[in-house]
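*Asks:* Quick one: this structure, given as structure tokens, is what I'll be asking you about.
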Amino acid sequence: MSTDGSFGEYGGQYVPEALMPAIEELSDAYERYVLENEDGFRDELSERLTDFGGRPTPLGRADQLSERYDREVYLKREDLLHGGAHKLNNALGQVLLAKYMGKERIIAETGAGQHGTATAMAAAHLNMPCEIYMGETDIARQRPNVFRMRTNGATVTPVTTGRGTLKEAISETMRDWAATVEDTHYIIGSIVGPHPFPAMVRDFHAVISEEAREQMLETAGQLPDAVLACAGGGSNTMGMFQQFRDDDGVELYAVEAGGSSLSVDEDAGVAPNSATLSTGDEGVLHGARTKVLQDGDGQIMESHSVSAGLDYAGVGPELAEMVDRGRVQAVNVDDDAALAAFHRLAREEGVIPALETAHAFGYLEQHHDELGEVVVLNVSGRGDKDLETVIEETQSRDLDVGPTMDLFRDLGGHTAGEDR
Amino acid sequence: MSLDAAFDDPAFVPYLAVGDPSYEQSLRYVEALADGGADAIELGLPFSEPIAEGSTIQSAIVRALEAGMTPGRYFEFVAELDVDVPLVCMTYYNLVYQYGSEAGPRPFVERAAEVGIGGFVIPDLPAEEAAPLREACDEFGLDLVFIVAPTTEGERLDRMHEFVSGYVYVQARLGTTGAREEVSEYTERSLARIADWDVPKAVGFGIKTGDHAERIVSAGADGVIVGSALVDIVAEGHENDDPTGVVAERLERKARELKRGAVRGLGETAPGQ
Ligand SMILES: Cc1ncc(COP(=O)(O)O)c(C=O)c1O
């Protein structure tokens, strides 16, 4: 990265002038506190990640999957971080940074609700008022997380524009910030947005691969041949890749959501997927030049994925650059494969993954032959939040994995999916 | 037509989203604003992610996009428009960047110049990222307007001063666009900060009435920019299915009120100021 926040031709700061002073202030705070550990910021964060967050998270061998795929499969368990996903690494880091900067209020967008949940928890932990913007579609499909945020004392504000998903939630949070920038900090939830967010969010998540690289050397006695992580904006992805990026023998795979199809309906402005790295092209969205799903005119498309956390028309500029350079392989799996992988991991290994995470396991199922002898996957989050969606989506297709829903029919005469 | 020509006396600069609620109606509405005394007109090219807009203009953009507005149609619209005042294209950078076969802003600027656009306001393009667009504007003789926010100070002002031409857009308050009642305390402070700039200063964000325009001009502005209060008239007409001619008349009347207010404001300015 250069000092102006560009990654090759990607990155930059495409935001309204009103926000620029805040972004300059944040860049300065990022350099002082995060990079240079001024006032012991990093030490305090690290302590809190241990005492409050539960770090380090374990890394372990997946015995059944190793046998199934005839190679060594390891899992990095970010699902065991407090809150149930990697998101707390960044949320706690940024709430703490906001405190160091003297800010008085936190705002954030959320898609799956995991970033919102992590932010609400971190804000409660550090005693900061917090407002979370969430698209109405996502509110409907991630209800447990909505309750969790509100239980932690956060205000959850529905966003009703567009399709009511992550893209609209980010736009609306930026609008709030433009009005409240003097005392409010915006905690963006992935490695997207204007500089310094992509670099800073990556640095907060780099702890994942700092631990995982050591743990691999200890547990497996060697570095992995392949590292897999799902990618929406790409924060768990870059966090998992960061310490492996200079290891030449380690292949890095960013697994995006193929949705229902990789094709695009330009007239309707809809891409029924979120495979931005594979199918998007260069554009400017939410403050950064990066790969985006857009039509020929540059209007941003409505994306789709069964998993709310991957359902986004943009992606982190740094990841886009690493894909262009060939350091990261951009791959994708569709909704069906992700659902099947969700059930498979739950049954084979006793780990219920987030639907986002399940995409990485879908890729493992389909392409394990190409992945070398030792593979490590980032389990970016746990799947409790997705159970309602999974029950509905499993019913509506003919999957040969996962429990049947007969039990519900026998008991109640109706199923969870039908009463909505 | 060069933009600063519009500021000979206190200028009234209206904004509408082009294509809201339809191409044909929008043509009539823009012409009505010119008839009502607009000195320059900001023509919004609708973008799907308008992060600087409040709910009023967001809705206008949605209506225009749903009615089929695209950059190509927008340029046809501007070419067809029969008005005699400078025209400013207000849009977001991705549409500027993507237009035409080569990457970068040049093809968009070239086409805009062809159809008679005099300059640009791009709310998501701060001075830091503006060099390629500034260059293209220079090549085709167009102006590039920047927004001075209440939070803009020091070096940021200097950088903007270097790039700006046509007029400077003084953002009257923090936040997004949208009509409000009161005159913001920020306005005077911002105007004072750039008092020695040699470009006209137009204040926008939240101006709603003639009295409001008057107070802003008497505070030292060279003009007022009004968007949401006009878009509200378009939206109401659309919701009530009012005839296009009736809505156009309302817009013309509102334009007169705002223009008169701006002119009154000059009368109140202390002589020599
Ligand atoms: C568990 C989990 N994994 C992954 C993601 C995708 O985000 P990112 O690509 O930034 O890691 C999310 C987002 O909500 C998530 O909740």
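*Asks:* Just to be sure, is A:I191 aliphatic (A, V, I, L, M), out of contact with any helix residue (DSSP H, G or I) (no Cβ under 9 Å at 6 or more places or on another chain) and under 24 Å from A:Y30 (Cα atoms)?
*Replies:* When the stated conditions are applied, A:I191 does not pass them.
*Asks:* Of the conditions (1) within 14 Å of chain B (Cβ to nearest Cβ); (2) open to solvent by 10 Å² or more (accessible area, probe 1.4 Å), A:G287 clears all except one; give me its number.
*Replies:* (2)
Residues are listed down the side, and each one gets a yes or a no for (1) in contact (Cβ under 8 Å) with a residue 24 or more places away in the chain; (2) open to solvent by 10 Å² or more (accessible area, probe 1.4 Å); (3) hydrophobic (A, V, I, L, M, F, W, C); (4) on the phi > 0 side of the Ramachandran plot:
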{"position": "A:M121", "(1), (2), (3), (4)": "yes, yes, yes, no"}
{"position": "A:T155", "(1), (2), (3), (4)": "yes, yes, no, no"}
{"position": "A:T160", "(1), (2), (3), (4)": "yes, yes, no, no"}
{"position": "A:R163", "(1), (2), (3), (4)": "yes, yes, no, no"}
{"position": "A:A179", "(1), (2), (3), (4)": "no, yes, yes, no"}
{"position": "A:D183", "(1), (2), (3), (4)": "yes, yes, no, no"}
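*Asks:* A:G234 - would you say it is at pLDDT 95 or above, in the same structural domain as A:A308 (by TED's automatic domain parsing) and within 26 Å of A:T117 (Cα to Cα)?
*Replies:* For A:G234, the condition - at pLDDT 95 or above, in the same structural domain as A:A308 (by TED's automatic domain parsing) and within 26 Å of A:T117 (Cα to Cα) - is met.
*Asks:* Which of the residues spanning the range A:337-364 are touching a Leu at 6+ places or on another chain (Cβ under 9 Å) and either away from the ligand (no atom under 16 Å from the Cβ) or within 14 Å of chain B (Cβ to nearest Cβ) (or both)?
*Replies:* If the condition is that a residue be touching a Leu at 6+ places or on another chain (Cβ under 9 Å) and either away from the ligand (no atom under 16 Å from the Cβ) or within 14 Å of chain B (Cβ to nearest Cβ) (or both), then A:A340, A:H343, A:R344, A:E348, A:E349 are the ones that fit.
*Asks:* It is to be established whether one or more residues within the range B:1-14 are assigned to a loop (DSSP other than H, G, I, E, B), modelled with pLDDT of 95 or more and surrounded by fewer than 24 Cβ atoms within 10 Å (Cβ to Cβ).
*Replies:* no
*Asks:* Counting only residues that are over 17 Å from the mean Cα position of the chain (by Cα) and part of a loop (DSSP other than H, G, I, E, B), how many does the range B:18-28 have?
*Replies:* Total meeting the criteria: 2.
*Asks:* Something else about it: Can you find a residue that is more than 27 Å from B:Q58 (Cα to Cα) and modelled with pLDDT under 95 anywhere in the range B:163-182?
*Replies:* Yes, that holds for at least one residue.
*Asks:* Among the residues of the range A:127-148, what is the count of those that are open to solvent by 10 Å² or more (accessible area, probe 1.4 Å) and in contact with a strand residue (DSSP E or B) (Cβ under 9 Å, 6 or more places away or on another chain)?
*Replies:* The number of residues fulfilling the criteria is 8.
*Asks:* Moving to a separate point now. All but one of (1) farther than 28 Å from A:V375 by Cβ; (2) open to solvent by 50 Å² or more (accessible area, probe 1.4 Å) hold for A:L92; state the number of the condition that does not hold.
*Replies:* Looking at each condition in turn, A:L92 falls short on (2).
*Asks:* Could you check A:M322 against (1) away from the ligand (no atom under 13 Å from the Cβ); (2) part of a loop (DSSP other than H, G, I, E, B); (3) over 24 Å from A:T165 (Cβ atoms) and say which number it fails?
*Replies:* (2)
*Asks:* Whether any residue in the range A:1-15 is in a helix (DSSP H, G or I) and surrounded by 15 or more Cβ atoms within 10 Å (Cβ to Cβ) is what I want to check.
*Replies:* no
*Asks:* State all residues of the range A:325-336 that are within 14 Å of the ligand (Cβ to nearest atom) and open to solvent by 30 Å² or more (accessible area, probe 1.4 Å); if no residue qualifies, say none.
*Replies:* Within the range A:325-336, A:A330, A:N332 meet the criteria.
*Asks:* Only one residue in A:D265, A:D297 is open to solvent by 10 Å² or more (accessible area, probe 1.4 Å), in contact with a helix residue (DSSP H, G or I) (Cβ under 7 Å, 6 or more places away or on another chain), free of Cβ contacts under 8 Å to residues at least 24 places away in the same chain and in the same structural domain as A:M238 (by TED's automatic domain parsing). Which one?
*Replies:* The conditions single out A:D297.
*Asks:* To continue, here is another question. Could you say whether any residue in the range A:381-399 is touching an Asp or Glu at 6+ places or on another chain (Cβ under 6 Å), away from the ligand (no atom under 16 Å from the Cβ) and more than 14 Å from chain B (Cβ to nearest Cβ)?
*Replies:* No, the conditions are met nowhere in the range A:381-399.
*Asks:* Condition first: within 20 Å of A:S46 (Cα to Cα) and either aliphatic (A, V, I, L, M) or within 14 Å of chain B (Cβ to nearest Cβ) (or both). Now tell me which residues in the range A:192-207 satisfy that.
*Replies:* The answer is A:A199, A:M200, A:V201, A:A206, A:V207.
*Asks:* All but one of (1) modelled with pLDDT of 95 or more; (2) within 16 Å of the ligand (Cβ to nearest atom) hold for A:V250; state the number of the condition that does not hold.
*Replies:* Unmet condition: (2).
The values are calculated or read from the model by the stated rules, or taken from the named source; none is laboratory data. Bear in mind that the values here come from a model prediction, so they are computed numbers and not experimental data. Virtual Cβ from ideal backbone geometry, glycine too; neighbours counted across all protein chains shown. The area values use the complete protein model at the heavy-atom level, side chains included, leaving out ligands, DNA and RNA. Shrake-Rupley method; radii C 1.70, N 1.55, O 1.52, S 1.80 Å.
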